[in-house]
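Throughout, read-outs are computed from the coordinates displayed, never taken from laboratory work. Keep in mind that this is a model prediction, so the values were computed, not measured. Here the Cβ positions follow ideal geometry from the backbone for every residue, glycine too, while neighbour counts run over all protein chains shown.
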Amino acid sequence: MMEKSNDENQVPGFKKIIAGYSDEELRKVLKKRKLYQKEAADFAIHEAIRRRMIFSEQDLFAKEYKDEPDKFSIFPIIESEKTSTKFKRSISRSLLILGTLPVVWGVIKIFGGYRIEGILIFVFGIAWSFTAFQVMRIANPGLKLIYLMFAMAVFAAGYIIRNFAVSNSITRIDILITVIGLGFVLYAIGFLGSLRNFK
C-alpha cells in the first residue's frame, strides 16, 4: 500500500496558527470571520466549539461575535502585537535618524559664532534621538515618552516659527515644506501613541 505524501500528512499552516490562539484572539477571529477564507473561518468556528466557547454556529449571532463597523480614526488600527511592535521600531528608528538634523545644525551654529544657540540646538538633537531610541528599545514604553516627544516637537515648531518671523528671505515654498514636514513628524508621534505597545 502506498503511503500518503508528506503534504497530505501535514496540518495546514493556518490550522496551527488558529489552534495556538488564546480564547480572546480566537474571539476576534470569529468577529472578523467574513474577512478570512472560508476554510480558515470554518476551522476557527470548530476550534471555538471544541473549546466550548460556543456550542453551535447559531451562537455566532450573539452580540459579542458580531463584527461592529470600524470607527473612524486618523490612525490605522493595528490589532496584532507583533505587527504593532514592527511599526513601533520602524517609526521610532526614523524619528531617531531625524534627530541628526538638529545635531548637525547645532554644530553649524556653534562654528558660525552662535555658541549658546548652537549648544542648545545640539543638546535638543541628542535628547530627541535618545528619547526615540528609548521608544524603539523598550517593549512597552508607555505614553510618557510619547508626550515628551510631542512636547519637544512643539518646542521645535516654535523655534522654527520664531526664525521665520525674523527672517526676510522666507518664501511660501519654505513655509509649505516646513508645515508638511512638521505635520508628518506630529502624525508619526501620534501614530506611535495609538499602537497597543503604549496602551
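Set Lys and Arg Cβ to +1 and Asp and Glu Cβ to -1, take the dipole of the chain about its Cα centre, and tell me which of F155, A40, S56 lies farthest positive.
Farthest towards the positive end: F155.
Could you state the principal axis extents of the C-alpha atoms in the range 43-199, from the largest down, to the nearest angstrom?
Over the range 43-199, Cα extents along the principal axes are 77, 33, 21 Å.
Lys pairs in the range 62-199, Cα-Cα under 30 Å, at least 8 apart or on separate chains: how many?
19
Scan the chain and hand back the longest stretch that contains none of the chymotrypsin sites (Phe, Trp or Tyr not before Pro) lying in DSSP loops with at most 12 other Cβ atoms within 10 Å.
Excluding the exposed sites themselves, the longest stretch runs over 73-199.
Test of understanding: what is the full-extension gain from D23 to E81, defined as 0.36 nm times their sequence separation minus their Cα-Cα distance?
19.3 nm
Under the 0.36 nm per residue contour assumption, what length would be gained going from the current alpha-carbon distance of N140 and A165 to full extension?
Contour length minus Cα-Cα distance gives 5.0 nm.
Does anyone have the angle between helix 115-137 and the longest principal axis of the chain? Alpha-carbon axes, 0 to 90°, nearest 10?
10 degrees
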